[in-house]
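The values are calculated or read from the model by the stated rules, or taken from the named source; none is laboratory data. Keep in mind the model is a prediction, meaning the values are calculated, not measured. Neighbour counts are summed over all protein chains in view; Cβ atoms, including those assigned to glycine, are modelled from backbone coordinates with ideal geometry.
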Amino acid sequence: GAFAGTRLFDQPSPGPIGPGTDLVARTEAARRRSGTVVRRELRAAATEVDLGGRVVRTWAYDGTVPGREIRVRAGDELRVRLVNDLPAETTVHWHGLALRNDMDGVPGLTQDAVAPGAGFDYSFVVPDPGTHWFHPHVGVQLDTGLQAPLIVEDPAEPGGYDMEVVLVLDDWTDGWGDSPETILERMAREGMVMGGTAMDGMGHGGSAMEDTMPSPDRPLGADTGDVAHPAHLINGRLPEDPYVIRSRPGHRVRLRIINAGSDTAYRFAVGGHTLTVTHTDGFPVEPVDVETLIIGMGERYDVVLTAGDGAFPVVAVPEGKDAPSGFALLRTASAHVPVPGASPAELRGRLLTYGALAPTGEVALDPQDPDRELELALQMVDGGRKWFLNGAGFGDHEPLEIRADERVRLVLRNESMMFHPMHVHGHTFALGAGDRPGIRKDTVNVLPMETLTVDLQADNPGQWAVHCHNIYHAELGMTTVLSYV
Ligand code: C2O
Ligand code: CU
């Protein structure tokens, strides 16, 4: 099946600020290097994958969903040869990395899209340690299964755990048919696609609109999305045949949790366990204990738990959606195994809020008056046929202009009743504009009608995408460019 290969920035691009510019050369020269080179080949292709009791045909990296993890250390040079065996153009974006601009993978902005049958060599020094991931930046390809973890280890990190596990949460859309664009086209034609009407494959019913208002029971909980995802996966597995974390009683287990869903925020919990939150989007925070947390699309959290004795449900409940939760098992003994769909009490326990978190000293951005303040109004247009920033869709905005070495404040004003996990490429911002340093993140969930402020240091010259990580919103207009001038 051919699909048009729609892409963000389908307009004449100013072109990347390449390594030819002095500013970029200076930034590159200043990067800390380990001297190690890590090489990988990455093949994007149509394939069949087994989700656990169900074989589906989809697009994936190297034949698996999620794709095979890439693991490097901060300062390593990563060289990835992308082989595009898809019937469509593609690219790879390295989500969370403040890398050199011409390797950022945004077609029409930092590179040409890679044609079917062609390849591209990504090569860059990996800056900050943390839990990151990668995916295409073309259309809604991310939602087909093209995504994988990118774990950047910190040689200096003290550790304090016995084992670590990467958990990728993903909303599964059945029934792409031959074209991942089907749902997008339908949204553009009809507005929000609700209640599984677009896909019947997994018998999903009911309306996703019912739970859109925040309430005490759902403190962050608006409906996140537009597209019915009838199933939710943890590490590529359906609840019927879940992914199993095998550990030992008393072991400290670090979970690196990545929300790779295209339009689902998850409420995450592990039955019988408290979660100590240690990192947001890869950056360390002062540890905070919670029972549950909400993870927006594109966000990552690292948590540590001390494994109990038995078998425990690991659940990712789709916020505002009537669908079975993502489900995995933590197992330390051959005890009774909880049934898929188990709803541990922890889901209604202490819920993490951004306000409860503070960055550790070494990653705190000192509060400073901004040199420049840019406001972005997040808007639903025409019943969800379009999603705008400041009254325009991508291609129709002027880029947001900034200068190197400025402190830049972005004011994210959500004027809609959906929530929007806003993502900035090439930078990590500090959340909040107070006199306390805010947590470092690259993706922040802006709740319905809420305004959030983030500050960033303009220290990575180039043309950088800024967009909602609901990939449907991004593709239907909620995308702009931060441009160094
Ligand atoms: Cu993970 Cu531009 O996004
Ligand atoms: Cu959005």
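Of all residues in segment 114-139, count the ones that are modelled with pLDDT under 95 and touching a Ser or Thr at 6+ places or on another chain (Cβ under 6 Å).
Residues in segment 114-139 being modelled with pLDDT under 95 and touching a Ser or Thr at 6+ places or on another chain (Cβ under 6 Å): 2 in total.
State the number of residues belonging to segment 361-406 that are outside any strand (DSSP E or B) and away from ligand 2 (no atom under 16 Å from the Cβ).
So the answer is 19.
Select from segment 26-55 the residues that are of a type in the set (Asp, Glu) and modelled with pLDDT of 90 or more and list them in ascending order.
GLU41, GLU48, ASP50, listed by residue number.
Evaluate segment 409-423: report whether one residue or more is within 16 Å of ligand 1 (Cβ to nearest atom), buried (at least 21 other Cβ atoms within 10 Å of the Cβ), more than 20 Å from THR453 (Cβ to Cβ) and touching a residue at least 24 places away in the same chain (Cβ under 8 Å).
no
Limited to segment 37-63, what total is found for residues that are out of contact with any strand residue (DSSP E or B) (no Cβ under 7 Å at 6 or more places or on another chain) and over 22 Å from ASP85 (Cβ atoms)?
Total meeting the criteria: 2.
Being modelled with pLDDT under 95 and within 16 Å of ligand 2 (Cβ to nearest atom) is true for just one of LEU142, LEU109. Which residue is that?
Values: LEU109 fails: within 16 Å of ligand 2 (Cβ to nearest atom).
Residue meeting the stated conditions: LEU142.
Quick one: how many residues across segment 440-485 are acidic (Asp, Glu) and away from ligand 1 (no atom under 15 Å from the Cβ)?
Total meeting the criteria: 3.
Looking at this structure, is VAL138 crowded, with 18+ Cβ neighbours inside 10 Å, of a type in the set (Val, Ile, Thr) and either touching a Cys at 6+ places or on another chain (Cβ under 8 Å) or without any contact (Cβ under 8 Å) to a residue 60 or more places away in the chain (or both)?
No.
Which residues, taken from segment 370-389, are at pLDDT 95 or above and either surrounded by fewer than 19 Cβ atoms within 10 Å (Cβ to Cβ) or of a type in the set (Lys, Arg) (or both)?
PRO370, ASP371, ARG372, GLU373, LEU374, GLU375, ALA377
Given the criterion touching a helix residue (DSSP H, G or I) at 6+ places or on another chain (Cβ under 6 Å), assigned by TED's automatic domain parsing to the domain that holds MET478 and of a type outside the set (Asp, Glu), identify the matching residue among GLY462, GLY426, GLY395, GLY391.
Just one listed residue meets the conditions, GLY462.
Any idea which of (1) assigned to a helix (DSSP H, G or I); (2) out of contact with any helix residue (DSSP H, G or I) (no Cβ under 9 Å at 6 or more places or on another chain) is the one ARG409 doesn't satisfy?
(1) is the only condition that ARG409 fails.
Just give me the residues in segment 245-271 being among the β-branched types (Val, Ile, Thr) and either closer than 23 Å to LEU142 by Cα or at pLDDT below 95 (or both), in sequence order. Let's see the steps before the verdict.
If we filter segment 245-271 for residues that are among the β-branched types (Val, Ile, Thr), which is where we start, we get 245, 253, 257-258, 264, 270.
Within segment 245-271, ILE257, ILE258, THR264 meet the criteria.
Any idea which of (1) within 27 Å of THR27 (Cα to Cα); (2) small (Gly, Ala, Ser); (3) loosely packed, with under 15 Cβ neighbours inside 10 Å is the one ALA364 doesn't satisfy?
(3)
Any chance segment 440-463 includes a residue that's more than 16 Å from ligand 2 (Cβ to nearest atom), at pLDDT below 95 and part of a strand (DSSP E or B)?
Yes, because at least one residue in segment 440-463 is more than 16 Å from ligand 2 (Cβ to nearest atom), at pLDDT below 95 and part of a strand (DSSP E or B).
With respect to THR428, is the statement that it is of a type in the set (Ser, Thr, Tyr), within 17 Å of the chain's Cα centre (by Cα) and more than 13 Å from ligand 2 (Cβ to nearest atom) true?
yes
Of everything in segment 141-162, what is of a type in the set (A, V, I, L, M) and either more than 12 Å from ligand 1 (Cβ to nearest atom) or not in a loop (DSSP other than H, G, I, E, B) (or both)? Give them in sequence order.
Result: LEU142, ALA148, LEU150, ILE151, VAL152, ALA156.
Collect the residues in segment 319-357 that are in contact with a Phe, Trp or Tyr (Cβ under 8 Å, 6 or more places away or on another chain) and in a strand (DSSP E or B), keeping them in residue-number order.
Within segment 319-357, GLY326, ALA328, LEU329, LEU330, ARG331 meet the criteria.
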